[in-house]
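One structure is given below, encoded as structure tokens.
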Amino acid sequence: MNEKQDNFNELALIARRLGAAAFGVADVGRMKADGLKPPVEELMKYPYGVSVGFRLSDALMETLVNGPTTTYRYHYRQVNAHLDRIALELCDAIQAKGYDAFPVPSSHIVDWEKNTGDLSHKWVAHYAGLGWFGLNNLLINPKYGARMRYVTVMTDMPLITGEPHKGSCEDCTDCISVCPASAIKNSRDDFNLEACDAQLKIFRDKWKIGQQICGLCIKACKGNAEGRSKKSK
């Protein structure tokens, strides 16, 4: 077994021990070659992007009816906090071996006008092979659908990398009818980010949620966990 594989296995074990449902590594050079430029471009100097996904509670997601709830907001925040903890544990392991590690916060807006963070966790996860982009503009994991949150650790530790996921939603359009902003269309290229963002602000201000979240299209996208089909519930 080579160094890259050993390093990958060590980090994957840490992530899984802390409850991660998905783990992979993206080739940053390939991302740059495809023209990806995150708000904080300094992060792209690292050759590897470690992606970790944590599964949201199915039972809690099923309670969402017309929009987010304060319980969902709490769950959302706690999952983000746990992902950040996983990232810190990975950083500690990486640095213990003499390499650099930059933990990118799981939920941290640096450009409020464009509603973007330090970099796109979705893009890193996609290049790590963890999922594809759905009609709802979210990363769709083949097993858990959109019911996931992600965090990224950028590093120079040698690691084996995945391939961009080539999956698709095929004929599934479950997320379109549930979108309160009618932002989701039959093509991802037609996704209306402005309408989605405006709806999130309505939920935040009028529903007293205190955070720009919704959750309805995430609820609709269940994936195939434990043999469950998208249409089973």
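The values are calculated or read from the model by the stated rules, or taken from the named source; none is laboratory data. Given the structure is predicted, the values throughout are model-derived calculations rather than measurements. Here Cβ is always computed from backbone atoms with ideal geometry, including for glycine, and neighbour counts include all displayed protein chains. To get the accessible areas, we keep the full protein, side chains included, count just its heavy atoms, and leave off ligands, DNA and RNA. Shrake-Rupley method; radii C 1.70, N 1.55, O 1.52, S 1.80 Å.
Here are a few things to note about the model shown:
- Between Ala21, Ala220, Ala195, the Gaussian network model of the chain with springs among Cα atoms under 10 angstrom shows the greatest mean-square fluctuation at Ala195.
- Distant-in-sequence amide contacts of Ile140, defined by a placed amide H-H separation under 5 Å and a gap of 5 or more residues or a different chain, comprise Trp132, Phe133, Gly134.
- 5 angstrom amide H check on Ser168, placed H, neighbours 5+ away: none
- Counting only protein heavy atoms and a 1.4 Å probe, the chain has 49 square angstrom of accessible area per residue.
- Max mean-square fluctuation residue, GNM over the chain, Cα-Cα springs under 10 Å, options Lys32, Lys219, Lys97: Lys97
- For region 179-188, the Karplus equation 6.51 cos²θ - 1.76 cosθ + 1.60, evaluated at θ = phi - 60°, returns couplings of 6, x, 9, 6, 7, 9, 10, 6, 10, 4 Hz by residue, with Gly and Pro reported as x.
- Taking the Cα centre of the chain as reference, the dipole from Cβ charges on Lys and Arg (+1) and Asp and Glu (-1) amounts to some 880 debye.
- Surface composition of the chain: carbon and sulfur make up 49 percent of the accessible area, probe 1.4 Å.
- The residues neighbouring Phe102, those whose beta-carbon lies less than 11 Å from its own, together hold a net charge of -3 under the Lys/Arg +1, Asp/Glu -1 convention.
- Cβ-defined net charge surrounding Asp205, 14 Å radius [Lys, Arg +1; Asp, Glu -1]: +4
- Taking the longest Cα principal axis of the chain as reference, the axis of helix 70-96 is set at about 10 degrees.
- Near the amide H of Val50, within less than 5 Å, lie the amide hydrogens of Ala26, Val153, Met154, Thr155, all on another chain or at least 5 residues away, with H placed in the peptide plane.
- Angle between the chain longest axis and helix 193-206 axis [Cα atoms, degrees, rounded to 10]: 70
- The chain - mean residue ellipticity at 222 nm from DSSP helices (-39,500 (n - 2.57) per run, n ≥ 4, rounded to 500): -10500 deg cm²/dmol
- Only aspartates and glutamates eight or more places from Lys219 in sequence, or on another chain, were considered; those with a Cα closer than 14 Å are Asp58, Glu62, Asp174.
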